[in-house]
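Beneath this line is the structure, given in structure tokens, with notes to follow.
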Amino acid sequence: MPEKVLMKGNEALAEAAIMAGCRYFFGYPITPQTEVAMHMSKRMPKVGGVYLQAESEVAAINMVLGASAAGARAMTSSSSPGISLKSEGLSYIAGSDVPAVIANVQRAGPGLGGIQPSQADYFQATRAAGHGDFKMLVLAPSTVQEIIDLVADAFALGDEYRMPVMILSDGLLGQMMEPVVIDETKKINIPERPWAISGHENKRKHNVVNSLYIEPPDLEAILKARYEKYELIKKKEQRCEEYMTDDAEIVVVAYGASARISRSAVDAARKDGIKAGLIRLITLWPYPDDAIISRMATAKAFLCVEMSMGQMVDDVRLIVGGKRDVRFFGRTGGMIPTPAEVLREIKNIKGGF
Amino acid sequence: MDPKGLTVICGHYGTGKTNFAINYAIDAVREGKSVTLVDMDVVNPYFTSSEYAEILRKKGVKVISPSFATTNLDIPALPASMYSIFDTTDSVILDAGGDDAGATVLGRFSRKIIDRGYEMLYVTNMYRPMTSTPEDSVGILREIENACGLKATAVVNNSHLKELTTASTITDSLQYAKEVSRSAGIPLMFSVAPRHLSGKLPADEHFYLSDIYVRTVWEEGEPTC
């Protein structure tokens, strides 16, 4: 294979999971995610892995729970309506302290919505992926190369913290083609899973993977311990990329495909002498609070650009706490904002200073 | 364009079939032909030639798109107007969907296509992982032929790395293209190259210079407002 190859976001997502040692994929077709499953169905048999098309999304996520509880690196993927169906299983995975990687190639909602790209599942991913007190790590790639890198990180983080990790992609990133480098020499480091239900062979006490606790005080204690872990993750795992923010008066905040559109708009604004910059989020949970706080030094206003009616903007408002102007620009329903539209918003804000 | 006037463009998905089909159609108009382009990709609803229907119409190409193409409906179907290509005197280009799944749609029309006479161009790209070796590429070609009941008549080498394509990206693929052609037993029609590289390519090879139509929203140049 040549050093650089041309890959679709969805193919790259699947191939990166195989490279990360994932050998169990449980899926169900839905546009615009189907190439992930398609690629897995072609590649898994060649690497001694299992590709299984489940009878439903609910079945697929529970197969991930089972495979992961038994100690395997397992994964599922879907697109927005399918992720809603997986929410029960996601909650069970979090409640069982089991690692798993879940990819959401977002499309427009609510309901059946539409098949075009969207970022309207931000609240679902970061706030309410299922019932009960729990969090998922949420990673948001913005290029096909970054999909490859973040899928590897997702498996590693899941193992480190024993929790579900979501790759939040969208129909645009999933379907577009970009040149990428696939480093096949990279060593895979899969840590031991002493907690896994993989057979005790009379050498240890039997392990239990479970999310049911009979005594309320026990459950409360477990949840409190889990939230201490979440606090540690908030300190250690915040990630973002800053672009031209050093002296920025207008700081655009965006992730995924919207961040690439925003970057073009920031470049154009700079050409017009406007001090604009971009914070591109890489982790959506934990939210990169620290970057927003440190940019408040120069920023007069923050502009959140999303393919939704405005969801991530709430996090910026919470962090900024009313001390700076926080604006929102979005397109939704499968519509994609253009760099010209974002530039117009930046100019509108500048005009108000 | 083939004198019989019906060109089927097929290949692995993501090889650049649609961008090539758009160029091929526009060039045929420039040669003075009356051209109809049919988007037959009912498998994947993204980056299909229907999205470029407006550009194509402006350049004088007639476009037949699947019903509901570019909308949110995930049940694309070929329109009845599809049958007009068997009555027209236009040059017709069929842009098939990717792989055997995309080619299956062609099978429904294979009798009529064979009766009308056709050329079928197999587009391949060395930089796509599933067609990166001549063996893999010919394997996919055979799956396509089996699915649609038509035989490819020539290979089009569309090896590229999108915006990172340089002259050496293309020259490095020439040996690969010749091997695909030899092992498929059909001629290599040409290698596709972006127009701006025209002066940097070897003079003794046959190149087809193309423009880039299929791109993402942030690749469309500097925004203005």
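The values are calculated or read from the model by the stated rules, or taken from the named source; none is laboratory data. None of the values given here were measured: they were computed from a predicted structure. Glycine gets a Cβ as well: all are built from the backbone with ideal geometry, and neighbour counts include every protein chain shown.
What number goes with the only condition from (1) basic (Lys, Arg); (2) more than 14 Å from chain B (Cβ to nearest Cβ); (3) in contact with a Gly (Cβ under 6 Å, 6 or more places away or on another chain) that A:Arg107 does not pass?
The number of the failed condition is (2).
Taking the stretch A:22-44, which residues are in contact with a helix residue (DSSP H, G or I) (Cβ under 7 Å, 6 or more places away or on another chain) and among the small types (Gly, Ala, Ser)?
Matches in the stretch A:22-44: A:Gly27 only.
Name the residue, out of A:Ala276, A:Ala254, that is within 14 Å of another protein chain (Cβ to nearest Cβ), within 17 Å of A:Gln311 (Cβ to Cβ) and touching a Lys or Arg at 6+ places or on another chain (Cβ under 9 Å).
A:Ala254
Going through B:Ser132, B:Ser137 one at a time, which residue ends up being among the small types (Gly, Ala, Ser) and under 17 Å from the mean Cα position of the chain (by Cα)?
B:Ser137
Please specify each residue of the stretch A:315-353 satisfying the condition of being outside any loop (DSSP other than H, G, I, E, B), without any contact (Cβ under 8 Å) to a residue 24 or more places away in the chain and away from chain B (no Cβ under 12 Å).
Across the stretch A:315-353, the qualifying residues are A:Arg317, A:Leu318, A:Gly351.
Which fully enclosed strands (runs of 3 or more DSSP E) of the stretch A:246-298 have 2 or more residues being under 16 Å from A:Phe328 (Cβ atoms) and touching a strand residue (DSSP E or B) at 6+ places or on another chain (Cβ under 9 Å)?
Answer list for the stretch A:246-298: A:250-255, A:276-281.
Are any residues in the stretch A:28-77 among the hydroxyl-bearing types (Ser, Thr, Tyr), surrounded by fewer than 17 Cβ atoms within 10 Å (Cβ to Cβ) and within 13 Å of chain B (Cβ to nearest Cβ), and if so, which ones? Steps first, please.
Going through the stretch A:28-77, the residues among the hydroxyl-bearing types (Ser, Thr, Tyr) turn out to be A:28, A:31, A:34, A:41, A:51, A:56, A:68, A:76-77.
Okay, now just the ones that are also surrounded by fewer than 17 Cβ atoms within 10 Å (Cβ to Cβ), so A:41, A:56.
Within the stretch A:28-77, A:Ser41 is the sole residue that qualifies.
Kindly indicate whether A:Ile233 is assigned to a helix (DSSP H, G or I), more than 14 Å from chain B (Cβ to nearest Cβ) and either touching a helix residue (DSSP H, G or I) at 6+ places or on another chain (Cβ under 9 Å) or surrounded by 11 or more Cβ atoms within 10 Å (Cβ to Cβ) (or both).
Details: assigned to a helix (DSSP H, G or I): yes; more than 14 Å from chain B (Cβ to nearest Cβ): yes; either touching a helix residue (DSSP H, G or I) at 6+ places or on another chain (Cβ under 9 Å) or surrounded by 11 or more Cβ atoms within 10 Å (Cβ to Cβ) (or both): yes.
Yes.
Among the residues of the stretch B:136-184, how many are assigned to a loop (DSSP other than H, G, I, E, B) and among the β-branched types (Val, Ile, Thr)?
Qualifying residue count for the region: 3.
Which residue is farthest from the other protein chains (Cβ to nearest Cβ), if the candidates are limited to the stretch B:192-225 and must be in contact with a Pro (Cβ under 7 Å, 6 or more places away or on another chain) and modelled with pLDDT of 75 or more?
Result: B:Ser210.
Return yes or no: is B:Tyr24 closer than 29 Å to B:Ala177 by Cβ, of a type outside the set (Gly, Ala, Ser), within 18 Å of the chain's Cα centre (by Cα) and outside any helix (DSSP H, G or I)?
Details: closer than 29 Å to B:Ala177 by Cβ: yes; of a type outside the set (Gly, Ala, Ser): yes; within 18 Å of the chain's Cα centre (by Cα): yes; outside any helix (DSSP H, G or I): no.
Taking the combined requirement at face value, the residue does not satisfy it.
If A:Arg107 satisfies every condition in (1) in contact with an Asp or Glu (Cβ under 9 Å, 6 or more places away or on another chain); (2) at positive phi; (3) among the charged types (D, E, K, R) but one, which is the exception?
Answer for A:Arg107: the failing condition is (2).
Is it fair to say A:Lys186 is more than 14 Å from chain B (Cβ to nearest Cβ), surrounded by fewer than 12 Cβ atoms within 10 Å (Cβ to Cβ) and touching a residue at least 40 places away in the same chain (Cβ under 8 Å)?
yes
Say we look at the stretch A:15-27 and pick out the residues that are free of Cβ contacts under 8 Å to residues at least 60 places away in the same chain and surrounded by 24 or more Cβ atoms within 10 Å (Cβ to Cβ); which of these is farthest from A:Ser56 (Cα to Cα)?
So, considering only residues that are free of Cβ contacts under 8 Å to residues at least 60 places away in the same chain and surrounded by 24 or more Cβ atoms within 10 Å (Cβ to Cβ), the one farthest from A:Ser56 (Cα to Cα) is A:Phe25.
Restricting attention to the stretch A:51-101, which residues are acidic (Asp, Glu) and in contact with a helix residue (DSSP H, G or I) (Cβ under 9 Å, 6 or more places away or on another chain)?
A:Glu57, A:Glu88, A:Asp97
Filter the stretch B:1-34 down to the residues that are among the aromatic types (Phe, Trp, Tyr) and farther than 13 Å from B:Val61 by Cβ, then identify the one that is modelled with the highest pLDDT.
B:Phe20
Pull up the stretch B:155-172, narrow it to residues that are more than 8 Å from every other protein chain (Cβ to nearest Cβ) and buried (at least 24 other Cβ atoms within 10 Å of the Cβ), then point me to the one that is farthest from B:Ala193 (Cα to Cα).
B:Val155
Is it true that A:Ala291 is surrounded by 20 or more Cβ atoms within 10 Å (Cβ to Cβ) and over 20 Å from the mean Cα position of the chain (by Cα)?
No: the conditions fail for A:Ala291.
Looking only at the stretch A:129-150, decide whether some residue is at positive phi, surrounded by fewer than 19 Cβ atoms within 10 Å (Cβ to Cβ) and touching a residue at least 24 places away in the same chain (Cβ under 8 Å).
Yes, the stretch A:129-150 contains a residue that is at positive phi, surrounded by fewer than 19 Cβ atoms within 10 Å (Cβ to Cβ) and touching a residue at least 24 places away in the same chain (Cβ under 8 Å).
Quick one: in the stretch B:115-133, of everything that is away from every other protein chain (no Cβ under 14 Å) and assigned to a loop (DSSP other than H, G, I, E, B), which residue is surrounded by the fewest Cβ atoms within 10 Å (Cβ to Cβ)?
Keep residues of the stretch B:115-133 that are away from every other protein chain (no Cβ under 14 Å), which gives B:115-122.
Next cut, assigned to a loop (DSSP other than H, G, I, E, B) only: B:117-118.
Numbers: B:Gly117: 11, B:Tyr118: 20.
Among them, the one singled out is B:Gly117.
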